[in-house]
Structures are given as C-alpha cells and as structure tokens.
Amino acid sequence: METITAPDKMSRSMRHNGVMICAFFGFGWFMGGAGILGDGPGRWIGIAGSAAVSIALVVAAFKVESARERPRELPKHWGRSYGIWILFEVVLIAAAVFLFNTLDLVDFLPGTIAVIVGAHFLPLAPAFDEPKYRWTGYAMIAAGLGGVAGGFGGIEIGGAVAGFGSALVLWATGVAVVKRG
C-alpha cells in the first residue's frame, strides 16, 4: 500500500480533531444513557461530570505535547477512505433506525448503533495510522452488544449500557490519543 508521511502540522491537527471527536461523542453517548438516572440530582451531577471530562480532554489535546515516536504514515487516499467509512456508518445507522422503529424494536437500537459505530473504527485505524482505534472499535462493539442484551430489559437499560459503555471507551481513547499523540 502506498503511503504518505503526514507533515507535523497535519499530524497535530489529526490528533486534536481525534480527541475532540472522542470528547464530543463521549458526552453524547453519556447523554444517551443518562435517561436511566431520572430527573434528580444524580442526573445533573452525571451531566456536569461528563461535560467536565469532555472539556478537560479538549483542553489537554492542545496543552500536552505528543509522545508519538514516529511520523504518521497515511494511506495515499486516506481522506477518501475516511469519507467512505463515515458514509457507510451513517447509512447503516439510518437503516437501523428505520428498521428498528418499523419493527418496534427500539429497545435494541442504542446497542445496535454502538456496534455500528464501533465497527466503523476498525478501518479507521489504518486510515489514520492510529492502531489504538482498533481497540476502540472492539470495545465499542462490546459495549453495543451489552446494550443489545440490556435492551431485553427496556430502552433505558439498553441505552444506559451502550451509552455509558461507549462514553467510557471514547473518553479512554481520547486520553490515549492525548498521551501518545
């Protein structure tokens, strides 16, 4: 496979963007699971805590120097690969939403979406020269499968398992990317 060496500025930008995406979607997944917390103080404490984690990740991405030991080697057409996998992910999620709503299986939707999102990380690992994205993918797939199983107890349980699990995976990935670069 033909590769290009990403210039330092591009590599930094990819690192920052990766951490911001993990922080933003980590918060989103937390919110997806937060329905189980009810409307009391626990919910608001959880939301504040998850917002603090996400904000801290974004700040750290710009403050902590990368410990990356080698240049980022990208496939020659990495941008096209990225676009294809994002499109594939969006189409699969839209199809799942339509299908699960049609079949009245919405209790299993959060877990299914987490599996789809997790699967999309697997081809992104080589596209961004970030091997840790494979582990992100596997862990999100596991959280999603847990959410599917939790769906048998209702959407709040399925959403909590998939949502909180996926949030933790994305935040851990963000920390790993901040640390290693």
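Here are the numbers:
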{"read-out": "Arg80 being within 21 Å of the chain's Cα centre (by Cα) and among the charged types (D, E, K, R)", "value": "yes"}
{"read-out": "Residue list for the stretch 119-159, filter: buried (at least 23 other Cβ atoms within 10 Å of the Cβ) and small (Gly, Ala, Ser)", "value": "Ala143, Gly144, Gly147, Gly150, Gly151, Gly158, Gly159"}
{"read-out": "Of residues in the stretch 53-65 being surrounded by 14 or more Cβ atoms within 10 Å (Cβ to Cβ) and free of Cβ contacts under 8 Å to residues at least 40 places away in the same chain, the one farthest from Ile113 (Cα to Cα)", "value": "Ala56"}
{"read-out": "First in the stretch 66-82 and surrounded by 13 or more Cβ atoms within 10 Å (Cβ to Cβ) and basic (Lys, Arg), second anywhere and modelled with pLDDT of 75 or more and part of a loop (DSSP other than H, G, I, E, B), Cβ under 7 Å, 6 or more apart", "value": "Arg72/Asp129"}
{"read-out": "Residue match in the stretch 168-181 (condition: small (Gly, Ala, Ser) and within 26 Å of Leu105 (Cα to Cα))", "value": "no"}
{"read-out": "Matching residues in the stretch 1-35 - criterion: being assigned to a helix (DSSP H, G or I) and either over 24 Å from Lys132 (Cβ atoms) or hydroxyl-bearing (Ser, Thr, Tyr) (or both)", "value": "Ser11, Ser13, Met31, Ala34, Gly35"}
{"read-out": "Residue within the stretch 125-139 that is more than 26 Å from Met10 (Cβ to Cβ) and free of Cβ contacts under 8 Å to residues at least 60 places away in the same chain present", "value": "yes"}
{"read-out": "Pair list, Cβ under 9 Å, 6 or more apart: the stretch 168-181 residue at positive phi, other residue part of a helix (DSSP H, G or I) and basic (Lys, Arg)", "value": "Gly181/Arg12; Gly181/Arg15"}
{"read-out": "Count of the stretch 13-40 residues which are under 19 Å from His77 (Cα atoms) and either of a type in the set (Asp, Glu) or touching a residue at least 24 places away in the same chain (Cβ under 8 Å) (or both)", "value": "3"}
{"read-out": "Residue satisfying all of: in the stretch 1-30; of a type in the set (Gly, Ala, Ser) and modelled with pLDDT of 85 or more; surrounded by the most Cβ atoms within 10 Å (Cβ to Cβ) among these", "value": "Ala23"}
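The values are calculated or read from the model by the stated rules, or taken from the named source; none is laboratory data. Please read all numbers here as calculations on a predicted model, not as lab measurements. Neighbour counts are summed over all protein chains in view; Cβ atoms, including those assigned to glycine, are modelled from backbone coordinates with ideal geometry.
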